[in-house]
Amino acid sequence: MAAVPAALPPIACVEATRAARIAAAKGDAAGARQRLEAAIDLPGCELAALSGLVAMLRDDTGATAR
């Protein structure tokens, strides 16, 4: 069987997740979370947005909570 090439995410998804990463880097965790939550509703962006939210949750919780 031949492997199916991976499709690139839609540009709106890339822009939304990038904006969330920039907000998080500036220390605006609430803004980053809002951007990722909004990105979940974009077509083809569910997985990228949810993985970003999971990463944020992991960073915010202590090692014992994980």
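The values are calculated or read from the model by the stated rules, or taken from the named source; none is laboratory data. The model shown is predicted, which means the values in this text are computed figures rather than measured ones. As a convention, Cβ positions derive from the backbone with ideal geometry for all residues, glycine included, and neighbour counts pool all protein chains shown. With ligands, DNA and RNA removed, areas are computed over all heavy atoms of the protein, side chains included. Shrake-Rupley method; radii C 1.70, N 1.55, O 1.52, S 1.80 Å.
Structural remarks
- One residue stands out in region 11-29 among those that are under 13 Å from D41 (Cα atoms) and in contact with a Gly (Cβ under 8 Å, 6 or more places away or on another chain): the one that is least open to solvent (accessible area, probe 1.4 Å), namely C13.
- Taken together, the residues in region 39-53 that are open to solvent by 60 Å² or more (accessible area, probe 1.4 Å) and in a helix (DSSP H, G or I) amount to 4.
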